[in-house]
Amino acid sequence: MNTYEKFTKNIVPFGRISILLGIIAVLIPPFIMTFVWGYNPGLSAIIAGAISQISVSGAFYISEPISYYPIVGTSGLYMTNLSGNAVNMKIPAAAVATEASGYKAGTSEGQLMGTIGLAMSIYVAVFFVIFSTILGQTVVTTLPENLSKYFELIIPGIYGGIFGQYMVKSYKTGIFALLVAGLMIFIVKFIPGNPSFVITLTSVFSTIYFARSQMVKNNK
């Protein structure tokens, strides 16, 4: 057992306890509102909301752990699931840290570097969340509309940068991912209920399969 495996083995018990405490902390506010103050939308509204949310993000429960694991490892997944905001801060920070370290994603060293980058992003996020909560809202509300509308481009910009970072390593895989995603966006429009999670699920797993086939071909 190498050093990273020992580190991961020691992290798992703390990760499970942290996730359990996080679940309890998340449930405390609605329980207080329901059983102490008596405010409740009703069982039917709760079920409808749950179904609506699952239809949008249900695929992420499958695709995100698989796609994030090579970057952040086991410990990083625990921290990501507990701290949240993974898609637009945690994973980009982990990917950049791994890239800057010179190690490859999927290796023990790469996952450790990704974990360190992710951990630092959590500290930064906590600081800026506190800062933005106190001052940010005042600043944002005073910005002119022609400037504030560009905030909508932040997440596409971040993901575009990450995509470009990895596409230069395998342009065929990048083109394949773009084609599949574009095709699925078009197909989903004709599916009843517009299940957008199908786009993510299909794009992630088909691209993983294509990248693997390219790797096997290159090794041969």
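The values are calculated or read from the model by the stated rules, or taken from the named source; none is laboratory data. These numbers were taken from a predicted model, which means no experiment stands behind them. Cβ placement follows ideal geometry from the backbone for every residue including glycine, while neighbour counts extend to all protein chains displayed.
Would a scan of region 11-20 turn up a residue that is of a type outside the set (S, T, N, Q), more than 24 Å from the chain's Cα centre (by Cα) and part of a helix (DSSP H, G or I)? Within region 11-20 (the criterion being of a type outside the set (S, T, N, Q), more than 24 Å from the chain's Cα centre (by Cα) and part of a helix (DSSP H, G or I)), the answer is no, since none of the residues qualifies. Restricting region 161-192 to residues that are surrounded by 12 or more Cβ atoms within 10 Å (Cβ to Cβ) and among the small types (Gly, Ala, Ser), the residue that is modelled with the lowest pLDDT is Gly161.
What residue, among those in region 94-150 that are of a type in the set (D, E, K, R) and surrounded by 11 or more Cβ atoms within 10 Å (Cβ to Cβ), is nearest to Met215 (Cα to Cα)? Among those that are of a type in the set (D, E, K, R) and surrounded by 11 or more Cβ atoms within 10 Å (Cβ to Cβ), it is Lys104. Condition check for Gly157 on (1) part of a helix (DSSP H, G or I); (2) under 20 Å from the mean Cα position of the chain (by Cα); (3) closer than 30 Å to Tyr4 by Cα: one failure, at (3).
Can you find, within region 193-220, the residue that is surrounded by the fewest Cβ atoms within 10 Å (Cβ to Cβ) among those that are of a type in the set (Phe, Trp, Tyr) and in contact (Cβ under 8 Å) with a residue 60 or more places away in the chain?
Here the residue is Phe205.
Within region 97-110, the residues that satisfy the criterion of being of a type outside the set (A, V, I, L, M, F, W, C), at pLDDT 80 or above and within 20 Å of the chain's Cα centre (by Cα) are Thr98, Glu99, Gly110. When we screen Ser44, Ser63, Ser55, Ser67 for residues that are modelled with pLDDT under 80, under 30 Å from Asn194 (Cβ atoms) and exposed (fewer than 13 other Cβ atoms within 10 Å of the Cβ), the only hit is Ser44. Taken over region 170-203, residues that are within 23 Å of Gln214 (Cβ to Cβ) and outside any helix (DSSP H, G or I) amount to 1. Would you confirm whether or not region 197-211 contains a residue that is modelled with pLDDT under 85, out of contact with any Pro (no Cβ under 9 Å at 6 or more places or on another chain) and more than 30 Å from Tyr78 (Cβ to Cβ)? Within region 197-211 (the criterion being modelled with pLDDT under 85, out of contact with any Pro (no Cβ under 9 Å at 6 or more places or on another chain) and more than 30 Å from Tyr78 (Cβ to Cβ)), the answer is no, since none of the residues qualifies. In this structure, Ile175 does not qualify as of a type outside the set (Asp, Glu) and within 20 Å of Gly58 (Cα to Cα). Filtering region 50-92 to residues that are farther than 20 Å from Gly22 by Cβ and either in contact with a Gly (Cβ under 6 Å, 6 or more places away or on another chain) or of a type in the set (D, E, K, R) (or both) leaves Pro70, Ile71. Of all residues in region 70-82, those satisfying the criterion of being of a type outside the set (Val, Ile, Thr) and modelled with pLDDT of 80 or more are Ser75, Gly76, Leu77, Tyr78, Met79, Asn81, Leu82.
When Leu153 is tested against (1) surrounded by 12 or more Cβ atoms within 10 Å (Cβ to Cβ); (2) modelled with pLDDT of 75 or more; (3) farther than 26 Å from Ile23 by Cα, just one condition goes unmet, and that condition is (1).
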